[in-house]
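For reference, the structure discussed in these notes is given below.
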Amino acid sequence: MAASMRTGKPTADREGGFTYLAILFFVAILGVGLAAVGEVWETASRREKERGLLQAGRELRDAIGRYYTAPSGGTARYPSSMEDLLKDNRVPGIRRHLRRIPVDPMTGKPDWATLAAPGGGIAGVHSRSEAEPVKTANFDRSEEGFEGSKKYSEWQFIYAPDPKQMLPAMKTTR
């Protein structure tokens, strides 16, 4: 009888319990690994959106600069609206400084907050996103003011005729 106990059902139950624990341990390790991969993927996605925000902001700042410096038969002035960048009505014919208003990657919409220029018009733009940036240092020279920002809306893309007169933290117009 004792021999049957050693080779019988109780041994199979112990092996089944061990397999169950091994599977639970494997599932736990798999869950931790997937969570780590998800976090890395989310950070990579946010960094890609930040690159897109920097590119779109530069594109808008450059378009405002082209509008400001374009010969128009009068004095240089800032655009009065974002639509002025799509079609410059100051001259006969069609002059475009942008083909379309770029989408803000942080909000997914082409809805930028604008920054008032001295004397009227739009001197710059910024995102409406209040999310915290991943990138906080090592910006291009024209964006040194972004370092240490706590939210994307603090990344202001401003055109100033004289770069030494960059106007930090301008008032948002809308």
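Below are the figures for this structure:
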{"quantity": "Order by protection proxy (mean Cβ within 10 Å, highest first), peptides 136-147, 43-54, 101-112", "calculated": "101-112, 43-54, 136-147"}
{"quantity": "Principal semi-axes in Å for the stretch 50-124 [√(5λ), Cα gyration tensor, largest first]", "calculated": "22, 13, 10"}
{"quantity": "Under 5 Å, built H, 5+ apart or other chain: amide partners of L115", "calculated": "A123, G124, V125, T173"}
{"quantity": "For the stretch 104-144, alpha-carbon Rg and Dmax in angstrom", "calculated": "12.6, 35"}
{"quantity": "Portion, in percent, of the accessible area of the stretch 30-174 that falls on carbon or sulfur, probe 1.4 Å", "calculated": "53"}
{"quantity": "Value of relative contact order over the stretch 72-167, rounded to a whole percent, pairs C-alpha under 8 Å and six or more apart", "calculated": "20"}
{"quantity": "Burial order of peptide ranges 79-89, 120-130 (average beta-carbon count within 10 Å, highest first)", "calculated": "120-130, 79-89"}
{"quantity": "S153-E83 FRET efficiency (beta carbon distance; Förster radius 25 Å; 0.05 resolution)", "calculated": "0.65"}
{"quantity": "Accessible area in square angstrom per residue, the stretch 103-142, 1.4 angstrom probe", "calculated": "49"}
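The values are calculated or read from the model by the stated rules, or taken from the named source; none is laboratory data. Note that the coordinates shown come from a computational prediction; the quantities given were computed from them, not determined experimentally. Quick reminder, even Gly has a Cβ in these numbers, built from the backbone with ideal geometry, and neighbours come from all protein chains shown. Ligands, DNA and RNA are stripped out before the accessible areas are found, and what is left, the full protein with its side chains, is counted by its heavy atoms. Shrake-Rupley method; radii C 1.70, N 1.55, O 1.52, S 1.80 Å.
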